[in-house]
1. What size of dipole, in debye to the nearest 20, comes out for the chain about its Cα centre when the only charges are +1 on Lys and Arg C-beta atoms and -1 on Asp and Glu C-beta atoms?
2. Of S12, L156, I267, whose Cα points farthest to the positive end of the dipole of the chain (charges on the beta-carbon: +1 Lys, Arg; -1 Asp, Glu; origin at the Cα centre)?
3. Kindly provide the Kirkwood hydrodynamic radius of the chain in Å, to one decimal, from all pairs of distinct alpha carbon atoms.
4. Ranked highest first by average number of other Cβ atoms within 10 Å, how do 267-276, 103-112 line up?
5. Along the Cα→Cβ direction, 7 angstrom out, place labels at E234 and E96. What is the inter-label distance in nm?
6. Nearest 10 degrees is fine. How inclined is helix 218-233 to the longest principal axis of the chain, computing both from alpha carbons?
7. For labels at E47 and K72 in the simple 7 Å Cα→Cβ model, what's the distance in nm?
8. Convex hull over the Cα atoms of the stretch 210-351, averaged projected area in nm²?
Amino acid sequence: MIDLRELIQKISQAKDKLELQNIKSQFLGKNSQINQEFKKLGSLSEEEKKIKASSLNNEKQKITEAINVRFKELEKLEISKKLQKDKVDVTLPARERPNGKIHPVSQVIDEISSIFSEIGFSVAEGPDVETEYNNFTALNTPEDHPARDMHDTFYLDNDKKILLRTHTSPVQVRAMLNGKPPFKIIVPGRTYRCDSDQTHAPMFHQLEGLHIDKDITMGHLKGCLDYFVKEFFEVKKIKMRFRPSHFPFTEPSAEVDIGYKLENGRIIVGEGDKWLEILGCGMVHPNVLKNAKVDPNKFQGFAFGMGIDRLAMLKYGINDLRSFFESDYRWLNYFGFDPLDVPTNYRGLSR
Ligand code: DAH
């Protein structure tokens, strides 16, 4: 017979769940003494069977109860041990979590989009892979124009029909073919040319502007750019000049320079007697309107195109364009923008 008191004591002192499990299978399992005794019940008389069965059941219940009690105790013990071990030291300094930074190009695109949205421009986009037709022909570029040269343009097929767009101007054509006038859009995006030095990268960013309506004049163009440059460089006064130029897709065409001066090696925009070219512009050529299915006898307007990377370099004092595209995390950490600490003229518009 089992000494029940001894066994219950043994159970209550089991060190861990494994020991308890072993006791359980030893004393209640298939080959346990109790089980054997249960099997023998059949050979007893009815009377004896009743008495024996009742005492066996009683024994079994006590052992089970003792095991359950100890099991709960061990479980509590385990939890408190774990809590002890994983205790949080609230006096430790917080672990540093590196924040992502916004790339200066993304930042400047957001700033520019925000500025133009204030005067009613919406943002349009087009593909990087363009047809030769949209990139050149529809924009009134003659067959023998030097920009079509293999040296400048990345062609993607032998027939020179598909290319990486060399400017954002083809989106003018796409936008006009896709809608009805008036048009008032800006187009930020990637552009490509075979070029690489301190101020040129084979991939760079441009921003196109297009405003077409019944009575849009060069005066509107001037007012629009004057507003933009002041807002972008955050200055009240700006010296700006329109220099006659030539683009196949505009007539007349102009390049725009802004006044600046150097102060301790830093460029101060808006004043001074030096000139810096920042964009090309003009009145959209009637041939472009015709190619884009807009009637040049009813509609007219202006277009402009500027280099986004150059504007970012100017505004934020970055002097090597190639560093923009090297994906150097240290560089981005230094020149990038904290997403939660936005500059003053950012109005929260995202692309
Ligand atoms: N597409 C020109 C370039 O890449 C820039 C440009 C000039 C765009 C005049 C225009 C424009 O829309 O009117 O150099």
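The numbers here are math on the coordinates, done by the rules we state, and not lab data. Since the model is a prediction, treat every value here as computed from it, not as a measurement. With ideal geometry, Cβ positions are generated from the backbone for all residues, glycine too; neighbour counts draw on all protein chains shown.
1. Working: 52 positive and 51 negative charges, 385 e Å.
Roughly 1840 debye, rounded to the nearest 20.
2. Of the candidates, S12 comes out farthest on the positive side.
3. On the way: mean 1/r = 0.0374 Å⁻¹.
Evaluated on the chain, it is 26.7 Å.
4. Highest to lowest by the protection proxy: 103-112, 267-276.
5. Placing both labels 7 Å along Cα→Cβ, they lie 2.6 nm apart.
6. Once rounded, the angle reads 40 degrees.
7. 4.1 nm
8. Reported value for the Cα convex hull: 11.0 nm².
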